[in-house]
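What follows is one structure encoded as structure tokens, with my remarks underneath.
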Amino acid sequence: MAKAAEQFETVIIGGGQAGLATAYHLARRDRSCLVLDAGERVGDSWRTRWPSLHLYTPARYDGLPGMAFPAARHSFPSGHEMGDYLETYAERFALPVRTGVHVRSLSREGERFVLTAGEQRIEAHNVVVATGVMQRPAVPEFASELDSGIRQLHSSEYQDPSQLQDGAVLVVGASHSGADIAFEVAGEHRTVLSGPSTGQFPFSIESRRARAMLPVLKVLATRVLTMNTPIGRKVRSEIRSHGGPLLRVRSADLAAAGVERVLARTVGVEDGMPVLDDGRVVEAANVIWCIGFRPDYSWIDLPLEYEDAFPRQSRGAVPSMPGLYFIGMLFLHSFSSMLVLGAGRDAKRIAESIVSRGAPAAREEGVLVWNGKVSAPTRRFDANTAEHLAKAPASRT
């Protein structure tokens with residue numbers, strides 16, 4: 001006998017910063033939800049990144065609504081510290097997260113959205129897709145033609161130089177992640193960094209000058225570089241197609257570390273070795289692909305319109321599909337949308353939209369119904385949590 005479907009007012013797919021911030025804002029408005037996350041622990045998407053990775057914004061801007069990041073204001077947390085912070089955040093506010101759940105499909109039947117995860121069937125009045133920007137690692141088709149003796153890694157697999165074999169390293173992709181990794185491996189290997197320039201921040205993000213400029217940069221990221229301005233729309237196009245500028249590790253740092261910087265793209269294979277579009281063949285024992293990720297919404301079986309391979313939406317809401325929302329997307333509405341800095345701001349707007357839709361009608365007897373109150377199978381808010389929610393600001397951004 002098939003298991004009865006669970007029914008919820010809102011299901012959030014993804015328990016990273018964007019998903020948790022949305023759950024927080026719904027809880028503040030006394031609206032229930034369920035957060036589904038594929039990781040075994042909340043924050044695992046951050047823990048899997050290379051250990052030396054640090055956020056590009058200081059701790060003062062890395063907290064979610066209601067809870068500051070527990071570190072010195074001007075320090076830059078590591079990815080592992082961010083993962084632990086998210087786990088603590090979910091626990092502090094008793095957010096209803098189910099971990100180890102990989103949503104395989106999202107469709108619609110009548111007025112209800114239907115999610116499947118293994119043998120589970122979940123129905124919802126609203127769905128918030130918070131799967132983030134790191135969905136499908138991008139690796140070119142010709143990678144399979146490289147000599148089998150070359151060790152290949154994607155940036156999502158890279159941890160440290162000990163993974164590499166003796167010999168030269170070709171890092172493909174010259175945005176900030178490529179620069180960070182090239183800088184690190186250059187300490188032990190001859191390193192070539194391939195790819196067109198994406199520009200760079202005018203000064204070190206950890207300098208005193210940057211510290212003084214951060215309030216201005218925050219305004220730019222949240223208020224100026226948005227879909228409401230011509231410059232914002234231009235920047236979104238550049239970021240979605242070419243990647244972001246160098247931030248922590250800049251051109252001078254790469255040169256000082258001995259990284260050979262070439263502006264040519266890696267475009268193919270010759271005699272088993274990577275070849276650049278200027279005809280140069282790079283004799284490499286290792287190749288690290290830092291060309292980002294590709295959006296993957298193939299699991300969503302809904303008639304959506306796409307723009308730059310991303311679902312078309314307005315401030316996260318899909319006009320053609322009421323009740324469906326996206327958050328944490330690359331430049332969803334502003335530059336800050338892809339940063340922890342913008343998660344709370346975007347989440348607040350989505351929560352307000354969900355509240356304005358109203359609660360769903362009661363479902364048939366015997367099936368779990370969420371009617372705006374927190375109920376099983378999630379944890380209940382205790383008195384301390386209720387006090388935290390009451391005192392916390394609506395948004396920190």
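Sort Ile291, Ile150, Ile350, Ile12 by Cβ crowding within 10 Å, fewest neighbours at the top. Present the calculation step by step, with values, prior to reporting the outcome.
Details: Ile291 22, Ile150 18, Ile350 26, Ile12 31.
Least to most surrounded, the residues fall as Ile150, Ile291, Ile350, Ile12.
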**Prompt:** In degrees, nearest 10, range 0 to 90: what is the angle between the Cα axis of helix 79-92 and the longest Cα principal axis of the chain?
**Reply:** 10
**Message:** About the Cα centre, and with charges only on the beta carbon of Lys, Arg (+1) and Asp, Glu (-1), how big is the dipole of segment 1-124? Nearest 20 debye, please.
**Reply:** 220
**R0 of 25 Å, Cβ-Cβ distance Glu305-Val139: FRET efficiency to nearest 0.05** = 0.35
**Item:** Debye-sum result for segment 47-161 in log10 I(q)/I(0), which assumes one identical scatterer on each alpha carbon, at q = 0.11 Å⁻¹
**Value:** -0.61
**Asked** Hey, could you pull the Cα Rg and Dmax for segment 65-115, both in Å?
**Response** 16.6, 50
**Item:** Gain in span if fully extended, Ser241 to His102, counting 0.36 nm per residue against the direct Cα distance
**Value:** 47.2 nm
**Prompt:** How large is log10 I(q)/I(0) at q = 0.15 Å⁻¹ when the Debye formula is applied to the Cα atoms of segment 276-330, each weighted equally and without solvent?
**Reply:** -0.58
**Complete:** Helix 176-185 sits off the longest principal axis of the Cα atoms of the chain, rounded to the nearest 10 on a 0 to 90 degree scale, by 50
**Request:** Report P(r) for segment 178-319: all Cα-Cα distances, bin width 5 Å, range 0 to the bin holding the largest distance, values in whole percent.
**Result:** 2, 8, 13, 16, 16, 14, 13, 10, 7, 2, 0
**Complete:** The base-10 log of I(q)/I(0) that the Debye equation returns for the chain at q = 0.14 Å⁻¹, one scatterer per C-alpha, is -1.25
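Given N residues in segment 1-52, what is its alpha carbon radius of gyration divided by 2.2 N^0.38 Å? Each step should come with its number before you reach the end.
On the way: Rg = 14.0 Å, N = 52, 2.2 N^0.38 = 9.9 Å.
With N residues counted in segment 1-52, Rg over 2.2 N^0.38 Å equals 1.42.
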**Fill in**
In the chain, taking the dipole from +1 charges on Lys and Arg beta carbons and -1 charges on Asp and Glu beta carbons about the Cα centre, the listed residue (Val127, Pro230, Leu246) farthest towards the positive end is Pro230
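Nearest 500 deg cm²/dmol is fine: what mean residue ellipticity at 222 nm does the chain get from its DSSP H runs of n ≥ 4 alone, each adding -39,500 (n - 2.57), divided by its residue count? Don't skip to the answer; put the middle values down first.
On the way: 9 runs with 98 residues, N = 397.
Value at 222 nm, helices only, nearest 500: -7500 deg cm²/dmol.
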**Request:** Collect residues whose amide H, placed 1.01 Å from N in the peptide plane, falls under 5 Å from the amide H of Gly268; neighbours closer than 5 in sequence don't count.
**Result:** Val275
**Message:** With the cut-off at 1.5 for a/c, could you classify segment 202-253 from its C-alpha gyration tensor as rounded, prolate or oblate?
**Reply:** oblate
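How long are the semi-axes of the ellipsoid equivalent to segment 235-286, from square roots of 5 times the Cα gyration tensor eigenvalues, in whole Å, largest first? Don't skip to the answer; put the middle values down first.
On the way: eigenvalues 118, 64, 14 Å².
Rounded to whole Å, the semi-axes are 24, 18, 8.
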**Item:** Label-to-label distance, nm, for residues given as Gln163 and Glu270 (7 Å Cα→Cβ offset)
**Value:** 2.9
**Request:** Stick to Cα atoms and the Kirkwood definition of Rh, then tell me Rg/Rh for segment 144-203.
**Result:** 0.98
**Asked** Given just the C-alpha atoms of segment 113-165, how large is their convex hull per residue in cubic angstrom?
**Response** 155
**Message:** If you filter segment 233-288 for GluC sites (Glu not before Pro), then keep DSSP loop positions with at most 15 other Cβ within 10 Å, what is left?
**Reply:** Glu283
**Request:** Mind giving me the nanometre distance, one decimal, between the label points for Ser320 and Arg29, set 7 Å out from Cα along Cα→Cβ?
**Result:** 2.5
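Assuming R0 = 30 Å, what is the FRET efficiency of Ile231 and Ser356, from their Cβ-Cβ distance, to the nearest 0.05?
Numbers: r = 31 Å, r/R0 = 1.02.
So, using R0 = 30 Å, E works out to roughly 0.45.
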**Message:** Using only alpha-carbon positions, what ratio does the radius of gyration of segment 24-65 give when scaled by 2.2 N^0.38 Å?
**Reply:** 1.54
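Treating the beta-carbon of each Lys and Arg as +1 and of each Asp and Glu as -1, no other charges, what is the dipole magnitude of the chain about its Cα centre, to the nearest 20 debye?
Numbers: 45 positive and 44 negative charges, 414 e Å.
Roughly 1980 debye for the chain.
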**Asked** What percentages, rounded to whole numbers, describe P(r) for segment 1-109 computed over all alpha carbon pairs with 5 Å bin width beginning at zero?
**Response** 2, 12, 20, 21, 17, 13, 7, 4, 2, 1, 0, 0
**Asked** Angle, helix 17-28 long axis vs. longest principal axis of the chain, Cα atoms, 0 to 90°, nearest 10?
**Response** 20
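All of the numbers you see were taken from the coordinates with simple rules; none came from a lab. For clarity, every value in this text was computed on a predicted model and none was experimentally measured. Note that each Cβ is placed from the backbone with ideal geometry, even for glycine, and that neighbours are counted across all protein chains shown.
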